[in-house]
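In what follows, a structure is listed as structure tokens, so that the remarks can point back to it.
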Amino acid sequence: MKAYVARQPILDRKQRVYGYELLFRTSMENSFPDLDHETATNRLLSDSFLTVGLENLAGKSRAFVNFPENLLLEKIPLHLPFTRMVVEILETVRPTPELVEACRSMSDQGVRFALDDFVLTPDWHPLLEIANIVKFDVLSTPQNELVDMLDQVSCYPVRLLAEKVETHEEFQKYLGMGFEYFQGYFFSKPAIVQSTGIPPLKINLLAIMAKIANPNLSLNELEELIGRDAGISYKLLRYINSAYFATVQKVSSIRHAVSLLGLDAIRRFTSLLMMNQLGVDKPDELVLSSAIRARFCDLLGRCSTSKGDMQIDLFTLGLFSQLDALLDDSMENCINQLPLEGAIKDALIHNKGEGAFFLKLVQNYERGNWEEVHKCAQKLGLPDHNIPACYLEAVEWARALEAP
């Protein structure tokens, strides 16, 4: 059974990654299956993403995963790497005495729990005594109700998580209300209070990126550009000598690296390093997600059976798709600093063309909007079953860039 897995970052008060909520489906239409104990245990312990992809998807952070009621009653989390997880108890679960006792037993053995989409009613009080984190859907909860519930849970030793936080203003608001964790896409939005233009240092970085993106750039010119910056040279060599490539012989020169990876791969890697410098004052997750998008778009393009004359650099499209958030300016102002091909500009600025469908697919996959993913895939001639593998490979590839 193919698992469609996406992840949503959960950030702390300093916008550092605390964990990732893993969103998954067994097909584009189905939700997490309500499996019997034996089937669930075998699948989760053998070929499911929880064992195959947990390290890849969550790295060193915690993975937030929701379980249906029967798997909680069967104490399935104890059979999994629960020290790396937070078990989410959905609002649809019935807080019966049997379920409370099962959760209390797991909690005593070290399992951490989060109450998801929490709405306070008397029968949930026993689970509040067990829970470590309480998640509030701040988008759909009226402000007065939210304040009242926060007051009522204040006597419990739980930490508060605000989900569906979509703007920087909302982040500041809920930060002031005492929330410690935040889930939503506020970090990937530009914080434009009063546009003062892009700082000169970042414009210089964009100029270097423009040179690197030039398809006519020669090997000698690229080698010279990389050689000027000791930091880039070091990171390139560290990257190619990482476990991701498992090279037999140590790579000690830029030219050797180019011979192994190819000119295009080195150009892309250097662009990513430039992107990292652009986002030095931004959450690390923003740069990481841009790298994942770049690789994801590129891999999807290779799988597409579309007969159209697709003339667009999908890697660059994904990489620059959050440039507005990195530079705190409008996408149009950001993109106009770069001599990019028209198809990329149409997709990023005007949401037009084939590139826009690739970007829409990626964005919906990130959010777990599987029906929209399926629609975009059909438009692009992408077989559904290829998409999850492309996503997982993109995450693994991007994480290799961070490897020590």
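The values are calculated or read from the model by the stated rules, or taken from the named source; none is laboratory data. Given the structure is predicted, the values throughout are model-derived calculations rather than measurements. Reconstructed Cβ throughout: ideal geometry from the backbone, glycine too, with neighbour counts over all protein chains shown. We work out accessible area using only protein heavy atoms, side chains counted, and drop any ligands, DNA or RNA first. Shrake-Rupley method; radii C 1.70, N 1.55, O 1.52, S 1.80 Å.
A few points about this structure:
- Overall, the accessible surface of the stretch 324-404 at a probe of 1.4 angstrom is composed of carbon and sulfur to the extent of 44 percent.
- All aspartates and glutamates inside 17 Å of K375 as judged from Cα atoms, apart from same-chain residues fewer than 8 positions distant: E29, E354, E366, D384
- Other residues lying with their Cβ under 10 Å from the Cβ of L22 contribute a combined charge of -1, Lys and Arg counting +1, Asp and Glu -1.
- Helical content alone sets the calculated 222 nm signal of the chain at -14500 deg cm²/dmol, taking -39,500 (n - 2.57) per DSSP H segment of four or more residues and averaging over every residue.
- For a straight C-alpha distance cut-off of 18 angstrom, the aspartates and glutamates reachable from K60 (same-chain residues fewer than eight places away being disregarded) are D12, E21, D284, E285, E393, E396, E402.
- Peptides 258-265, 359-366 ordered by packing proxy, namely the average of other Cβ atoms within 10 Å per residue, highest first: 359-366, 258-265.
- Taking every DSSP bridge with both residues inside the chain, close to 35 percent are antiparallel.
- The Cβ shell under 13 Å around R267 holds other residues with a net charge of -3, Lys and Arg each +1, Asp and Glu each -1.
- For the stretch 101-204, with all protein chains in place and a probe radius of 1.4 Å, 52% of the accessible heavy-atom surface sits on carbon or sulfur.
- Hits among lysines - C-alpha to C-alpha of K235 under 19 Å, sequence gap 8 or more where chains match: K250
- Each Cα pair under 8 Å and six or more residues apart adds its sequence gap; the mean of these over the residue count of the stretch 60-135 is a relative contact order of 31 percent.
- Probe 1.4 Å, accessible area per residue of the chain, Å²: 46
- Packing around the peptides 110-118, 217-225, 85-93, taken as the average count of other Cβ atoms within 10 Å per residue, puts them in this order, highest first: 110-118, 85-93, 217-225.
- Protection proxy ranking of 145-156, 200-211, by the mean of other Cβ atoms within 10 Å over each peptide's residues and highest first, is 200-211, 145-156.
- With θ taken as phi - 60° and the Karplus curve 6.51 cos²θ - 1.76 cosθ + 1.60 applied, the whole-hertz 3J(HN,Hα) list for the stretch 114-125 is 10, 8, 9, 6, 5, 10, 6, 9, x, 6, 8, 4 Hz, x standing for glycine and proline.
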